[in-house]
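Enquirer: Just dropping this structure here.
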Amino acid sequence: MSLACLITVGVWADNSAPLSWQDCVRIAAQTNPQLLSALRAQEASRAQYYGSYNGILPQVTLSHSYSDSSVTQSVLLQNGTSGKLTSESKSWQAQANATLDVIDLNQWAGIQNSKAAWRQNQANAWLASSNVLLNLYKAFSTLLYAQEQIGVNKNIRDLWDQNAQMISLRYDSGAESKGNNMQTQAQFLQADVALTQASRDLKVAQEQLAQALGEDDFSTLAVTGTWTAARAPENPPDLNAIVDHLPAVLVQQAVVDQDKASVHAAQSALFPTLSLSYNRGVDGSTEFPTNPYWTFSGLINYPLFSGGPTATYYAVSAAKKTYEKAQLDLQTVRQQSRSTLESAWSAFAQAEDQVRVQRAFLDADVQRKLEADIMYQSGLMTFQDWQLITNDYVNFQKSYLSAEENLIFAEGQWDFATGQQLGVTR
């Protein structure tokens, strides 16, 4: 099965080269804002994850300070009178300070949370890529179908034009009724209007493809190529082997990991923290002091009732309930993903079968149309029977083209359900 076309019509024909499927995939990967936004979010969360390790690394500061003070005191002089004594002090100080949080479970929980957030954004980027791919499948097949539809509708209009002229001649000669003549003229008008509408549909399809690509200019878009759909799996795939690797499941798994880290963060208030600090420097009355000093300290901190007597209890309880909810949501997502996979496989196989069925009907009606034309012109078939066969021939041309379009989109739905990414397929 193939669907290939490039119909040159006035509403969109210009010197721009038509786009193949590979061209569309390449452009969408570079310009689609939905995908690029997800990739930027992934890069931002990766930077935040790496930055979260600073909470457990030593903190070092250097300082160089100068202070100048003056103190005036009231004093009693020997002659019994009072006076004032002013003393001035100038001090320079240079020091280095290093601190390290040896035990702080909240910092480790923050690292776990940042890592889960990174994995979530990675899965979101994968999911965005799959969504863009699905939209691209739909937009590409719609535009390819719209271009081919113009050619099909033109053939149908020409067919009804010929029929209308033939019936008109038969009516003029008295061999056909006035009603049948009017009916054929109406069918020609209907076919002509359908051709005009196909041109409008083409503009809509161009806009949809431009949106899927992330482009602003759609007026000159056209696509070309021969599309050979991949065969649908003959038997239902092993869903359990696929589900755990789907982006939607990975997104929810990352949410579970984040909520698990939140439980650890809430529980960290139950444990003390230990930090060490070392300070070394020199001070004196000159800009380059020479009097050394150092201090070393350790601090154990235990927040007994920080935030209230029951704050930690309820914080841990809420975090655990949120964690349990995330686990149940993960179970729901897994079940939905399995159902989506089964439905996508069934629809893909059905669309593939329908192409063969519609092709068989079309081939049969091509032959029936040839036979009916001969029999009607020979007077061996009534107008009603001849018109019925002609309508079947027209309808099956449309049905076959629609079946081909549906097959392309069904393949896209299957790729989306299995988590295929933009640029990985075809």
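The values are calculated or read from the model by the stated rules, or taken from the named source; none is laboratory data. Worth saying up front: this structure is predicted, and the values here are computed from it rather than measured. Glycine gets a Cβ as well: all are built from the backbone with ideal geometry, and neighbour counts include every protein chain shown. Only protein heavy atoms, including side chains, enter the accessible area calculation; ligands, DNA and RNA are left aside. Shrake-Rupley method; radii C 1.70, N 1.55, O 1.52, S 1.80 Å.
Enquirer: Report every pair of residues separated by at least 6 positions or lying on different chains whose Cβ atoms are under 6 Å apart, first residue within the stretch 16-30 and assigned to a helix (DSSP H, G or I), second at pLDDT 85 or above.
Expert: Correct list of pairs: Cys24/Leu136; Cys24/Phe140; Ile27/Leu213; Ala28/Val132; Ala28/Leu136; Ala28/Leu213.
Enquirer: Another question, if that's okay. Can you name the condition, by its number, that Ala175 falls short on among (1) free of Cβ contacts under 8 Å to residues at least 40 places away in the same chain; (2) closer than 24 Å to Glu43 by Cβ; (3) of a type in the set (Gly, Ala, Ser)?
Expert: Every condition holds for Ala175 apart from (2).
Enquirer: Could I ask something else about it? Pull up the stretch 65-101, narrow it to residues that are modelled with pLDDT of 85 or more and surrounded by fewer than 13 Cβ atoms within 10 Å (Cβ to Cβ), then point me to the one that is farthest from the chain's Cα centre (by Cα).
Expert: Ser67
Enquirer: Here's a follow-up. Would you mention how many residues in the stretch 310-329 are outside any helix (DSSP H, G or I) and open to solvent by 80 Å² or more (accessible area, probe 1.4 Å)?
Expert: So the count comes out to 0.
Enquirer: Among the residues of the stretch 378-393, which ones are surrounded by fewer than 21 Cβ atoms within 10 Å (Cβ to Cβ) and not in a loop (DSSP other than H, G, I, E, B)?
Expert: Residues satisfying the conditions are Phe383, Gln384, Asp385, Trp386, Gln387, Leu388, Ile389, Asn391, Asp392.
Enquirer: Being of a type in the set (S, T, N, Q) and closer than 26 Å to Tyr137 by Cα narrows it down to one of Gln267, Gln331, Gln327, Gln354, so name that one.
Expert: Every option except Gln354 fails the conditions.
Enquirer: Based on this model, can you work out whether Leu133 counts as surrounded by 22 or more Cβ atoms within 10 Å (Cβ to Cβ), assigned to a helix (DSSP H, G or I), on the phi < 0 side of the Ramachandran plot and modelled with pLDDT under 90?
Expert: No; evaluated as a whole, the condition is false for this residue.
Enquirer: A further question follows. So which of Asn180, Asn121, Asn131, Asn155 is in contact (Cβ under 8 Å) with a residue 12 or more places away in the chain and over 30 Å from Leu401 (Cα atoms)? Break it down into steps so the answer makes sense when it comes.
Expert: Values: Asn180 fails: over 30 Å from Leu401 (Cα atoms); Asn131 fails: over 30 Å from Leu401 (Cα atoms); Asn155 fails: over 30 Å from Leu401 (Cα atoms).
Step by step, each of Asn180, Asn121, Asn131, Asn155 is checked, and only Asn121 is in contact (Cβ under 8 Å) with a residue 12 or more places away in the chain and over 30 Å from Leu401 (Cα atoms).
Enquirer: Please identify the pairs in which a residue from the stretch 311-337 that is under 18 Å from Asn113 (Cβ atoms) and in contact (Cβ under 8 Å) with a residue 12 or more places away in the chain has its Cβ atom under 7 Å from the Cβ atom of a residue that is hydroxyl-bearing (Ser, Thr, Tyr) and in a helix (DSSP H, G or I), counting only partners at least 6 apart or on another chain.
Expert: Going by the 7 Å Cβ cut-off, the qualifying pairs are Ala319/Ser262; Thr322/Ser262.
Enquirer: Return the total of residues in the stretch 288-301 being modelled with pLDDT under 85 and open to solvent by 90 Å² or more (accessible area, probe 1.4 Å).
Expert: Number of matching residues: 2.
Enquirer: Looking at (1) open to solvent by less than 70 Å² (accessible area, probe 1.4 Å); (2) among the small types (Gly, Ala, Ser); (3) closer than 28 Å to Ile103 by Cα, can you tell me which one Ala241 breaks?
Expert: Here Ala241 clears every test but (3).
Enquirer: Please find, among Asp363, Asp373, the residue that is out of contact with any Pro (no Cβ under 8 Å at 6 or more places or on another chain) and surrounded by 14 or more Cβ atoms within 10 Å (Cβ to Cβ).
Expert: Asp373
Enquirer: Then there is this: How many residues are part of a strand (DSSP E or B) and of a type outside the set (Gly, Ala, Ser) if we restrict to the stretch 295-309?
Expert: 5
Enquirer: In addition: Quick check, is Glu342 closer than 16 Å to Gln413 by Cβ and open to solvent by 70 Å² or more (accessible area, probe 1.4 Å)?
Expert: Values: closer than 16 Å to Gln413 by Cβ: yes; open to solvent by 70 Å² or more (accessible area, probe 1.4 Å): yes.
Yes, satisfied.
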